[in-house]
1. In the stretch 145-202, which residues are without any contact (Cβ under 8 Å) to a residue 12 or more places away in the chain and either among the charged types (D, E, K, R) or touching a strand residue (DSSP E or B) at 6+ places or on another chain (Cβ under 6 Å) (or both)?
2. Can you find a residue in the stretch 216-227 that is assigned to a loop (DSSP other than H, G, I, E, B), at pLDDT 95 or above and of a type in the set (Val, Ile, Thr)?
3. Sort out which residues of the stretch 206-241 are within 17 Å of the chain's Cα centre (by Cα) and farther than 23 Å from HIS112 by Cα, and write them in order of number.
4. How many of the residues making up the stretch 84-102 are part of a helix (DSSP H, G or I) and over 20 Å from ALA69 (Cβ atoms)?
5. Against the definition (open to solvent by 30 Å² or more (accessible area, probe 1.4 Å), at pLDDT below 95, at negative phi and not acidic (Asp, Glu)), how does LYS242 come out, yes or no?
6. Give me the residue from the stretch 263-299 that is in contact with a strand residue (DSSP E or B) (Cβ under 9 Å, 6 or more places away or on another chain) and basic (Lys, Arg) and, out of that set, least open to solvent (accessible area, probe 1.4 Å).
7. What is the number of the single condition among (1) under 19 Å from ILE96 (Cβ atoms); (2) open to solvent by less than 40 Å² (accessible area, probe 1.4 Å) that GLY12 does not meet?
8. Among the residues of the stretch 245-262 satisfying the criterion of being aliphatic (A, V, I, L, M) and not in a loop (DSSP other than H, G, I, E, B), which is surrounded by the fewest Cβ atoms within 10 Å (Cβ to Cβ)?
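The values are calculated or read from the model by the stated rules, or taken from the named source; none is laboratory data. Quick caveat: nothing in here was measured; it's all calculated off a predicted structure. Counting neighbours? That spans all protein chains shown, and the Cβs are built from the backbone with ideal geometry, glycine included. For accessibility, only protein heavy atoms count, side chains too; no ligands or nucleic acids. Shrake-Rupley method; radii C 1.70, N 1.55, O 1.52, S 1.80 Å.
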Amino acid sequence: MSGPIGVIGKSGQVARALLRIASERGDRVVVCGRPELDLSNASSIEKFFEDVAPSVVINAAAFTAVDKAETEREEAVLVNATGVGVLARVCASRNIPLLHISTDYVFDGSKHTPYVETDLRKPLGVYGASKAAGEVAIEASAPRHIILRTAWVYGVEGNNFVHTMLRLGQEREELGVVSDQQGTPTFADDIAKTLLDLVPRLVNEPAESDVWGLYHFTGGGKTTWYGFAGKIFLHAKELGFKIPRLKAITTAEYPTPARRPAYSVLDCSKIERVFGITPAPWEETLERAIVPIIEQHKS
């Protein structure tokens, strides 16, 4: 590669994992985010390409506050759809591959079998709709693209379900957790490694290649938020951490501004078939991830 890997977004879980893992591997990466690069500001996107001259771009930036998006629709759409469209057009004009992270929330959860890449987008809320619009914008503008849909992301860094459970577990004797939404926890490090592994395979891939397009990548298997919490606290107890009693509750008992899909398990067979990437079972990944996460709560 002539230029570095350009990563957009520097404060999110995947962006921080990308920087850390790329540094460990010796990959040349330039990370840029707000305020220098703002997806809601087209001129800052152009400046990023002029200053960095990347060989590949990974977009790890997004408006991810699912509930806040319901009242801040304009900002969510500006970042997740309009800005992504500008990014895609600039990548296309410079013939630079774009790797973009999307979400299971583009689906409404009405299926009872894992979603495949060709299933119809039917988002329930503003966040999902803005991310779906971003996918469409990329598909319309950037022939050399990979859209990587993932779900239930948690990382060593940042705010996420694992950190929240551990914090609340210290504060409460009993904790109610939703048990009627199914999905798959996904470790941010695994997403970052997958994206970085794809880069050398794609940097010289022609636009006519059939490898470009949509892929699903999550941890293997499925669970509920209640089941996820149970595994978190099982490991936490083994590591000497205080744990609460868990109580299974329904979505109706825990209302939120944005509706969540009741079922958002993603079929990841395509990325295995095309690139030979097989996600590890989510339970195994959590066992690997939990130690550094818990260390942050003990310090």
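1. GLU171
2. Yes: one or more hits.
3. Once the filter is applied, which keeps residues that are within 17 Å of the chain's Cα centre (by Cα) and farther than 23 Å from HIS112 by Cα, the stretch 206-241 yields only GLY213.
4. Of the residues in that region, 6 qualify.
5. Yes: the conditions hold for LYS242.
6. Step by step, filter the stretch 263-299, then rank; the result is LYS270.
7. For GLY12, the failing item is (1).
8. Once the filter is applied, the top-ranked residue is ALA252.
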